[in-house]
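One structure is given here, and the rest of the page talks about it.
The values are calculated or read from the model by the stated rules, or taken from the named source; none is laboratory data. All figures in this text were calculated on a predicted structure; none of them were measured in a lab. As a convention, Cβ positions derive from the backbone with ideal geometry for all residues, glycine included, and neighbour counts pool all protein chains shown. These accessible areas exclude ligands, DNA and RNA; they are computed on the full protein's heavy atoms, side chains included. Shrake-Rupley method; radii C 1.70, N 1.55, O 1.52, S 1.80 Å.
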Amino acid sequence: MTSQPDRKALTRAAFAAAAVLTVVTVAGAAPGAGAAPASPAGTPKLKLIAASKAVTLDRWEGEPGVYLDLGTYVTVDGAPLELNVTRKSYKDPVVARQILRNGTHTTTKALPAGLVKDFSGLPGFLEVSVKNAAGQEVTRSKGTFCPNNASGRLRPDAPATSHYPESCSTNPFTLGSVWGVEKGWAANSSTVDYDKPVDLPVGEYTATVSVAKKYRDLFGIPNDHPTVKVTVRQTGDGTTGGSTSGGGTAGQRSASPSDPHAQHAQHATGAGHTGHHFGPRGADAPTPGALPHALEARGLAHHLGDGLGHTDGSRVAPALRADGRRPTGRAGVPANVPKPDLRSLPAWDIAVTDGEDGDVPGKDYLAFSANVWNAGPAPLVVDGFRTPGADLMDAYQYFYDAHGKQVGYAPTGTMEWDPRIGHEHWHFTDFASYRLLSADRTRQVRSGKEAFCLANTDAIDYTVRNANWHPYNTDLSTACGQQNSISVREVLDVGSGDTYTQYRPGQSFDISDLPNGTYYIEVKANPAHRLQETDLKNNVSLRKVVLGGTPGARTVQVPPYDLVNAP
């Protein structure tokens with residue numbers, strides 16, 4: 001897909017890549033590597049450190065402040081830090097448990113009730129105080145710590161790779177997460193709210209960081225207070241410069257026409273800029289910050305990604321390859337073969353817009369975000385094969401046994417090339433449908449059906465059986481093929497979901513002539529039952545909305561969904 005990047009996406013990449021902890025990145029342990037420091041068996045030893053004594057932060061021209069990525073890390077030794085975070089349903093609160101492993105013996109320790117309220121991390125973990133050159137405190141903040149974020153090894157005898165997930169979910173309807181830091185690793189503890197930059201004028205500052213007492217007591221963390229010298233400097237239009245640690249420079253580029261920095265600068269400041277905020281599918285989203293930053297950054301997936309010093313969930317991976325040829329022989333699936341279980345989440349990020357890029361000006365549209373996820377126990381694997389010159393591919397669903405051997409296939413419709421700006425990739429048809437229902441849910445008042453390009457954009461429940469904590473492809477720009485593709489493979493892994501924002505023409509509901517009152521947004525997975533699943537009875541979700549206002553100025557109220565207050 002293609003879409004225009006935004007300033008927040010650009011600075012996310014630059015600033016996250018800057019505060020990089022120097023770690024060992026070799027593939028295996030060095031011969032004769034020393035043993036880890038001693039600690040009680042099965043108990044992780046945590047410590048707060050600063051990777052650098054000084055960082056330089058850029059204040060972009062026209063931006064209201066800087067982003068305080070100070071390069072502070074939580075190191076873990078003695079045993080991995082592992083947390084299991086779940087909720088039984090949306091009527092139940094989030095519960096967090098620490099998993100303690102000692103050889104083959106595993107115990108759990110419940111974290112205090114109410115300490116963890118969602119799946120984004122440990123709230124109020126890091127406390128930051130920033131003082132100016134005169135010693136006056138100019139800002140104080142608390143930040144959430146995601147243990148899965150920006151990890152790196154501390155020594156060569158640490159595990160070569162981390163088996164824990166690579167980000168913390170901010171989808172409001174997440175059901176289960178696993179957070180962890182490997183023994184001998186460190187995770188970036190700096191919290192950067194890209195929707196709320198800190199207003200620090202150009203100058204010199206000193207930042208003091210510490211872990212909140214409740215977490216020091218809970219995990220036995222020393223009461224350390226690392227200090228970091230902070231230099232804030234003015235930066236121009238975004239075509240050069242970058243945020244750095246230790247006074248060096250990073251990310252400097254020339255402003256060539258193909259340079260994403262330069263393209264962004266032209267989009268942000270050049271003629272015709274409309275100030276739109278672009279969402280995960282290149283769509284105009286009216287509520288910046290409502291979606292995970294990993295999704296907001298989709299249009300810059302070639303530039304962002306999970307890399308040294310940052311994790312935003314948009315790893316750039318080579319496109320998956322379809323089988324070399326169409327399946328042959330008689331289609332069929334053994335009765336006991338594992339199958340995916342597709343489920344829809346209630347709609348969120350709901351807003352009234354006046355239409356964009358092809359919608360009718362002056363009309364009112366109800367836009368929203370929808371997600372279909374796979375509860376397993378098997379991944380959804382769909383291959384598309386194209387007849388030369390056609391704009392359709394024949395699609396096939398594949399099935400595998402417990403050893404990964406393909407044991408069956410079934411025709412499952414088509415894939416179509418979508419040429420619209422913001423799409424420009426192959427969509428699997430009939431993956432989901434959307435309807436606006438009357439208050440009594442008996443009448444359909446508006447409908448829409450969207451083909452999807454499947455990608456693992458959101459971690460919905462990594463505690464389900466066979467959940468893949470490292471889905472191969474979370475990047476839409478490589479998952480969905482090109483116009484000249486002869487075949488495409490699209491996968492929705494176990495535990496992951498695919499978020500689609502309904503802000504493009506034909507996707508949102510035209511509500512211009514609807515009376516004010518109560519309605520329900522219905523999201524339905526696999527509406528034509530072309531995909532084979534373990535359960536077809538859990539494919540539908542409903543979200544209540546209340547329309548008000550007057551034509552041209554319609555409003556929408558979105559009541560909480562049980563305990564989830566995510567309009």
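From the phi angles alone, apply the Karplus equation (6.51, -1.76, 1.60; θ = phi - 60°) to the range 168-174 and give each ³J(HN,Hα) in whole Hz, x where the residue is Gly or Pro.
Per-residue couplings from phi come out as 9, 6, 10, 5, x, 10, 4 Hz.
Would you mind counting up the charge near residue 557? Only other residues with Cβ under 14 Å from its Cβ, with Lys and Arg at +1 and Asp and Glu at -1. Don't skip to the answer; put the middle values down first.
Working: positive: 543, 544, 554; negative: none.
In short, +3.
Probe of 1.4 angstrom, ligands and nucleic acids ignored: what's the accessible area per residue over the range 138-230, in square angstrom? Before the final figure, lay out each step's value.
Working: 3600 Å² over 93 residues.
Accessible surface, normalised per residue, equals 39 Å².
Treating only the Cα positions of the range 182-238 as identical point scatterers, give the base-10 log of I(q)/I(0) from the Debye formula at each q in 0.21, 0.25 Å⁻¹.
Each listed q maps to, in turn, -1.06, -1.21.
Can you work out ³J(HN,Hα) from phi for every residue in the range 83-96, in order, using Karplus 6.51 cos²θ - 1.76 cosθ + 1.60 and θ = phi - 60°, giving whole Hz and x for Gly and Pro?
Rounded to whole hertz, the list is 10, 10, 10, 9, 9, 5, 7, 6, 8, 10, x, 6, 10, 10.
Once phi is turned into θ = phi - 60°, what whole-Hz ³J(HN,Hα) does the Karplus curve with 6.51, -1.76 and 1.60 give for every residue of the range 116-130, x standing for Gly and Pro?
9, 9, 8, 10, 8, x, 8, x, x, 6, 9, 10, 10, 10, 10
Ranked highest first by the average count of other Cβ atoms within 10 Å around their residues, in what order do 181-189, 435-443, 345-353 fall?
Working: 181-189: 25.0, 435-443: 14.4, 345-353: 22.2.
The packing order, highest mean first, is 181-189, 345-353, 435-443.
Pop out the carbon and sulfur fraction of the accessible area of the range 107-242 as a percent, whole number, probe 1.4 Å.
On the way: 2810 of 5580 Å².
C and S fraction of accessible area: 50 percent.
Let a ≥ b ≥ c be the square roots of the eigenvalues of the Cα gyration tensor of the range 38-163; is it rounded (a/c under 1.5), or, if not, prolate (a/b larger than b/c) or oblate? Don't jump to the answer; show the numbers that get you there.
Details: a/c = 2.34, a/b = 1.47, b/c = 1.59.
Cα axes put the range 38-163 in the oblate bin.
Among 397-408, 169-180, how do they line up from the highest to the lowest mean number of other beta-carbon atoms within 10 Å? Intermediate values should be presented prior to the final figure.
On the way: 397-408: 14.4, 169-180: 24.2.
Top of the packing list down: 169-180, 397-408.
Non-local amide H neighbours of residue 79 (under 5 Å, H modeled in plane, Pro and chain starts lacking H): which ones?
45
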